[in-house]
Amino acid sequence: MKFDTIIIGGGLAGLVSGIRLQENGHNCAIVSTGQSALHFSSGSFDLLGCLPDGTEVMNPLDAIGSLESSHPYRLVGLDAIKRYDKEFPAMMQRAGITLTGSASRNSYHFTPMGTMKRTWLTLEDFVTLDEPSHLPWHRVAIINFPGFLDFYTKFIADELEKQGATCVLATVKLPFIEKLRTNPTEMRSANIARTFDKTENIDMLLREIASYCKDVDAVVMPAVFGLSSAEPMKYLKQHLDKPLCPLATMPPSVPGIRMQQQLTHYFVRLGGTFMLGDTVERADVESGLVKAVYTANHADIPLMADHFILATGSFFSRGIIARPDSVYEPIFDLDVLYDADRTQWYDNDMFASQNYMKYGVITAPDFRAICKGETLSNLYAVGSVLSGHDALHEGCGGGVSIMSSMYVADGLLKNK
Ligand SMILES: Cc1cc2nc3c(=O)[nH]c(=O)nc-3n(C[C@H](O)[C@H](O)[C@H](O)COP(=O)(O)OP(=O)(O)OC[C@H]3O[C@@H](n4cnc5c(N)ncnc54)[C@H](O)[C@@H]3O)c2cc1C
């Protein structure tokens with residue numbers, strides 16, 4: 001099997017590079033083991049919320065120049081980032097995903113605990129604020145389902161009350177959710193979302209919550225609407241006579257799963273090949289050139305391409321793996337940034353920035369991967385497998401995946 005580009009990993013970074021290439025005439029395959037960080041997504045993409053020294057960032061475009069020269073954003077460059085700030089949401093729109101936000105001004109979105117966090121782009125389902133104190137509601141109803149433990153109404157109420165709101169907490173019993181409840185392991189966001197694929201079930205919910213909605217300015221509910229389409233959420237919003245503020249739940253994330261599905265379907269509609277449930281295990285590399293990769297399902301059948309993109313994620317997706325004394329990249333054995341002294345990997349203060357978050361593969365300035373000091377001419381690394389950024393402390397995870405993928409794809413298209 002021969003493609004223009006083979007992408008290893010079908011999370012945000014793999015899908016963004018695949019769609020960018022496929023939209024511009026490349027013939028791509030994505031090989032992906034399984035779930036990605038999108039399945040845990042908050043529904044927002046962060047660009048830069050904080051500098052490494054802890055300075056809060058409100059305008060990411062202004063702050064990018066203060067990052068170290070090895071940070072993925074510095075490699076992409078400010079001009080490209082400004083361009084992708086416009087082009088990425090437009091690409092997502094073509095995939096059926098509407099995002100709001102701008103790289104020149106972070107907005108605040110709600111976390112599952114009801115706190116507020118700076119972010120770049122947010123799915124249209126969710127509410128964002130200019131400032132945490134600019135809560136537009138005085139009285140809020142927070143509604144949950146009995147037995148749904150991944151939505152913490154009390155914590156959320158505490159946070160909203162800090163911003164001056166009064167909260168009314170309620171749980172509504174619905175027969176189709178009660179059915180799930182007979183087996184507590186079924187009471188997960190994705191299963192609840194499936195029940196709301198039926199419009200009549202949303203109608204029943206609307207009737208049940210009507211009395212709580214009378215005297216409030218907004219209704220907060222878990223984001224458990226629309227697993228494979230945005231329609232259930234739209235329908236609920238249209239028929240509720242108060243503003244709806246859905247909040248992401250503890251994982252799995254229903255809006256995140258939907259985004260993963262929409263991006264995958266769009267990539268396939270563009271003619272891309274998506275090999276889900278397959279894992280790249282090894283590669284043929286000759287004279288600095290990747291010739292082929294081999295997967296678990298295709299055994300000795302080589303998958304060949306002119307270019308390869310590594311988008312296998314960080315520790316979470318096993319794009320890099322920690323041994324007791326080292327960190328390695330498992331497919332190509334690429335050069336990886338990590339501290340040789342294990343005691344430097346982490347800080348005992350759990351809330352401090354952790355060095356291991358910056359570990360990942362080392363690349364040339366154009367994101368070509370490096371193996372034993374030699375730059376491989378046709379293998380690029382994108383997304384959270386990259387070293388030199390701290391997605392958690394800097395609040396830059398989604399942005400690094402998006403920017404590095406768009407940049408690498410554009411580089412390949414230029415040299416077509
Ligand atoms: C739990 C979690 C939640 C996050 N939430 C957010 C958020 O809300 N907003 C935000 O901005 N950032 C968030 N981040 C940061 C996140 O890293 C990025 O936003 C981004 O989604 C990472 O995308 P990625 O494609 O680089 O990696 P991943 O999403 O990890 O995807 C890597 C993919 O590669 C596959 N893979 C791995 N090895 C192989 C192999 N050998 N062969 C084939 N496939 C392979 C995996 O199965 C996986 O599907 C989160 C991170 C985590 C870990």
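The values are calculated or read from the model by the stated rules, or taken from the named source; none is laboratory data. Keep in mind that what you see is a predicted model, and the values were worked out from it rather than measured. Don't worry about glycine lacking a Cβ; one is built from the backbone with ideal geometry, like all the others, and counts go over all protein chains shown.
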> So which residues in the stretch 180-189 are surrounded by fewer than 17 Cβ atoms within 10 Å (Cβ to Cβ), under 29 Å from the mean Cα position of the chain (by Cα) and of a type outside the set (D, E, K, R)?
Replying inline: P184, T185
>> Name the residue that is surrounded by the fewest Cβ atoms within 10 Å (Cβ to Cβ), counting only residues in the stretch 208-220 that are under 34 Å from the mean Cα position of the chain (by Cα) and among the charged types (D, E, K, R).
In response: E208
>> Which numbered condition in (1) within 27 Å of the chain's Cα centre (by Cα); (2) assigned to a helix (DSSP H, G or I); (3) modelled with pLDDT under 95 is the only one that K237 fails?
In response: (3)
>> Checking G65 against (1) over 17 Å from the mean Cα position of the chain (by Cα); (2) closer than 20 Å to V385 by Cα, only one condition comes out false. Which one?
In response: (2)
> Going through the stretch 47-78 one residue at a time, which ones are crowded, with 23+ Cβ neighbours inside 10 Å, assigned to a loop (DSSP other than H, G, I, E, B) and out of contact with any Gly (no Cβ under 7 Å at 6 or more places or on another chain)?
Replying inline: none
>> Tell me which strands (runs of 3 or more DSSP E) are completely within the stretch 268-330 and hold 2 or more residues being without any contact (Cβ under 8 Å) to a residue 40 or more places away in the chain, or say none if there are none.
In response: 280-286, 289-295
> Which ones in the stretch 197-220 are under 25 Å from Q93 (Cα atoms) and in contact (Cβ under 8 Å) with a residue 40 or more places away in the chain?
Replying inline: none
>> I want to confirm something. Restricting to the stretch 1-19 and keeping residues that are of a type outside the set (G, A, S) and buried (at least 24 other Cβ atoms within 10 Å of the Cβ), which single residue is farthest from the ligand (Cβ to nearest atom)?
In response: T5
> Quick check: anything in the stretch 105-122 more than 28 Å from P222 (Cβ to Cβ), in contact (Cβ under 8 Å) with a residue 24 or more places away in the chain, part of a loop (DSSP other than H, G, I, E, B) and of a type in the set (S, T, Y)?
Replying inline: no
>> I'd like to check something: does the stretch 166-179 contain any residue that is in contact with a Gly (Cβ under 7 Å, 6 or more places away or on another chain), farther than 16 Å from C245 by Cβ and either of a type in the set (D, E) or surrounded by 19 or more Cβ atoms within 10 Å (Cβ to Cβ) (or both)?
In response: no
> Are any of the residues in the stretch 270-280 within 27 Å of M116 (Cα to Cα), of a type outside the set (S, T, N, Q), touching a His at 6+ places or on another chain (Cβ under 8 Å) and within 13 Å of the ligand (Cβ to nearest atom)?
Replying inline: no
> Are there any pairs, at least 6 apart or on different chains, whose C-beta atoms fall under 7 Å, with the first in the stretch 245-265 and more than 15 Å from M221 (Cα to Cα) and the second hydroxyl-bearing (S, T, Y) and surrounded by fewer than 19 Cβ atoms within 10 Å (Cβ to Cβ), and if so, which?
Replying inline: R258/S228; Q261/S228
> Among the residues of the stretch 129-156, which ones are closer than 12 Å to L247 by Cα and either of a type in the set (G, A, S) or surrounded by 19 or more Cβ atoms within 10 Å (Cβ to Cβ) (or both)?
Replying inline: I142, I143, N144, F151, Y152, T153, I156
> Within the stretch 32-46, is there a residue that is away from the ligand (no atom under 16 Å from the Cβ), at pLDDT 95 or above and not in a helix (DSSP H, G or I)?
Replying inline: no
> From the list F332, F315, which residue is farther than 25 Å from G288 by Cβ, within 13 Å of the ligand (Cβ to nearest atom) and surrounded by 14 or more Cβ atoms within 10 Å (Cβ to Cβ)?
Replying inline: F315
> How many residues are farther than 16 Å from T249 by Cα, at pLDDT 95 or above and polar (S, T, N, Q) when one looks only at the stretch 170-206?
Replying inline: 3
> Can you name every residue in the stretch 79-111 that is surrounded by 15 or more Cβ atoms within 10 Å (Cβ to Cβ), over 16 Å from the mean Cα position of the chain (by Cα) and of a type in the set (A, V, I, L, M, F, W, C)?
Replying inline: A80, I81, A103
